[in-house]
Amino acid sequence: MSKKAVIVLSGGLDSTTCMGMAKEKGYELYPITFHYGQKHNREVEQAKKVAEYYEAPDHRIVNISFLNQIGGSALTDQSIDVPTDMDEDEIPATYVPARNMIFLSLASAYAEVIGAEAIYIGVSAVDYSGYPDCRPEFIESMNETVNLATKAGATGSNMVIETPLIDLTKAETVKEGLRLDVPYELTTSCYNGEEEACGECDSCRLRLKGFEEAGSTDPIPYKG
Ligand code: ZN
């Protein structure tokens, strides 16, 4: 029987790279995508294409769009604009309160149901936006928590939260992805979610810088 991994798949560059990495490790891929009340549906649409590309047998799209009732993020709250200027010292308005804790809770529930031994999440502690839920300390703590909270953990089949990008810069992630033939043309990163990426938001800039430093060109279309 093949071993299974749940991949938290947003349809972005990092999580799609995780699909390629988990595949290389020999896992059968079980992507889970969350509709968490983003202002646009773009990520979910691209995640579907990525899941199809990898011929994932069961792509779960879980609607937790009620998170926009909590708001507090430029990505989910209509009253907060997406910022275009990155201030290195501050946690930006695109931070979604407790998002990775919520995602990993649900991903661990799914992992338990299908008997997966690993959960992949594409967080990086190097080139990131200062989000507290991308820190290694959080991942370690959450790994302990999901094993304490689940039947799988209690009965000895521990789950491991895998964060293969945690020490990688965006450029290193892109290089690794290109080596693994990750379909970056199917991914989306722009916070604005339009057909053509804006090239100006934090996420676009980080992505473009990553491709440039990796000596490659981003295959997705940009405005202008
Ligand atoms: Zn953008």
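To the nearest whole percent, what portion of all C-alpha pairs in the stretch 32-129 is separated by more than 21 angstrom?
Counting pairs separated by more than 21 Å, the tail of P(r) holds 42 percent.
Provide the gained length on full extension for the span residue 3 to residue 25, in nm with one decimal, where the gain is 0.36 nm per separating residue minus the Cα-Cα distance.
6.9 nm
Quick one: putting +1 on the C-beta of Lys and Arg, -1 on the C-beta of Asp and Glu, what dipole do you get for the stretch 4-188 around its Cα centre, in Debye to the nearest 20?
660 debye
Accessible area per residue for the stretch 1-144 in Å², computed with a 1.4 Å probe and the full protein assembly in place, what is it?
47 Å²
How much net charge surrounds residue 183 when only the other residues with a Cβ under 11 Å from the Cβ of residue 183 are counted, with Lys and Arg +1 and Asp and Glu -1?
Computed value for this residue: -2.
At a Förster distance of 30 Å, what's the computed FRET efficiency of residue 58 paired with residue 216, Cβ-Cβ distance as r, to 0.05?
For R0 = 30 Å, the calculated efficiency reads 0.40.
Strictly over 24 Å apart at the Cα level, which of 4/39; 175/209; 25/170 would you flag in this model?
4/39, as the Cα separations exceed 24 Å there.
Tell me, what ³J(HN,Hα) does each residue in the stretch 36-41 have, in order and in whole Hz, if you take phi through Karplus 6.51 cos²θ - 1.76 cosθ + 1.60 with θ = phi - 60° and put x for Gly and Pro?
So the J values, rounded to whole Hz, are 9, x, 4, 5, 9, 9.
Tell me, what % of the accessible area of the stretch 88-178 is carbon and sulfur with a 1.4 angstrom probe?
In the stretch 88-178, the share of accessible area belonging to carbon and sulfur is 52 percent.
Just to be sure I understand the curve: with the Debye formula and one point per C-alpha of the chain, what is log10 I(q)/I(0) at q = 0.07, 0.10, 0.16 Å⁻¹?
Debye output, listed in q order: -0.20, -0.41, -1.14.
Could you derive backbone 3J(HN,Hα) for the stretch 164-175 from the dihedral phi with the Karplus parameters 6.51, -1.76 and 1.60 (θ = phi - 60°), listing whole Hz in sequence and x where the residue is Gly or Pro?
x, 9, 4, 9, 9, 6, 4, 5, 5, 4, 4, 4
Just by accessible area at a 1.4 angstrom probe, what is the order of 198, 18 from largest to smallest?
198, 18
Quick one: which residues, 5 or more positions from residue 222 or on another chain, have an amide H under 5 Å from its amide H? H modelled 1.01 Å from N in the peptide plane, none for Pro or chain starts.
197
Can you tell me the relative contact order of the chain? Whole percent, Cα pairs under 8 Å, sequence separation 6 or more.
Once divided by the residue count of the chain, the mean separation gives 24 percent.
The values are calculated or read from the model by the stated rules, or taken from the named source; none is laboratory data. Here the structure is a predicted model, which means the values were calculated and not measured. FYI the Cβ positions are ideal-geometry reconstructions off the backbone, even for glycines, and counts take in every protein chain you see. Each accessible area value is taken on the protein alone, full model and side chains, heavy atoms only, with ligands, DNA and RNA left out. Shrake-Rupley method; radii C 1.70, N 1.55, O 1.52, S 1.80 Å.
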